[in-house]
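The values are calculated or read from the model by the stated rules, or taken from the named source; none is laboratory data. Keep in mind that this is a model prediction, so the values were computed, not measured. Note that each Cβ is placed from the backbone with ideal geometry, even for glycine, and that neighbours are counted across all protein chains shown. Side chains are part of the model used for accessible areas, which takes the heavy atoms of the whole protein and leaves out ligands, DNA and RNA. Shrake-Rupley method; radii C 1.70, N 1.55, O 1.52, S 1.80 Å.
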Amino acid sequence: MDTACHPAGAAGLVESYLHHCPAREVLAVLADKWVMLVLGVLRDQGAPIRFNELRRRLDGITQKMLTRTLRNLEREGLVRRAVYPTVPPRVEYSLTELGTSIGAISHAMGVWAVQHQDRILAARAEFDARAAAEPEPLSVGPSR
């Protein structure tokens, strides 16, 4: 069985919405909040960075979540983990060539989020106000 997905149509769009397409798994990895933020810090750093410095830069991330995220990114080939034989061992993380290539996309998403945050927050508030003003549906139960 062919598990690869192929370009669809003249635009060359990948059929990543298909269940059997491996690109769908890649998109799921990239869609994670912490993945995008870790990639952003590593891109902005531009040089290897140690775990604790990375954690300091990522406000709100737990040690467990950062470890899990870095391992996933290393598994996907986006992050390089370098261990130096010192006491205690020094571990640094950096982007691979593949990780660097996703940088333009993740950076563009970050810029877009900053540019549109006010409109998104306003839309959220408007939606929440509408939802709060809508009457509760009547529950239909057995009549007595």
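The table below gives the values:
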item: Of the criteria (1) outside any helix (DSSP H, G or I); (2) surrounded by 12 or more Cβ atoms within 10 Å (Cβ to Cβ), which one Leu39 fails; result: (1)
item: Condition check for Val114: under 15 Å from Gly40 (Cβ atoms) and open to solvent by 80 Å² or more (accessible area, probe 1.4 Å); result: yes
item: Residue, modelled with the highest pLDDT, within the stretch 43-81, restricted to residues that are closer than 17 Å to Gly103 by Cβ and among the acidic types (Asp, Glu); result: Glu74
item: Residue among Leu78, Leu121 that alone is under 24 Å from Ala23 (Cα atoms) and either among the hydrophobic types (A, V, I, L, M, F, W, C) or open to solvent by less than 70 Å² (accessible area, probe 1.4 Å) (or both); result: Leu78
item: Test: residue in the stretch 50-65 that is part of a loop (DSSP other than H, G, I, E, B), surrounded by fewer than 11 Cβ atoms within 10 Å (Cβ to Cβ) and of a type in the set (Ser, Thr, Tyr); result: no
item: Residue check, Gly12 modelled with pLDDT of 80 or more, more than 18 Å from Glu74 (Cα to Cα) and either exposed (fewer than 14 other Cβ atoms within 10 Å of the Cβ) or in contact with a His (Cβ under 8 Å, 6 or more places away or on another chain) (or both); result: no
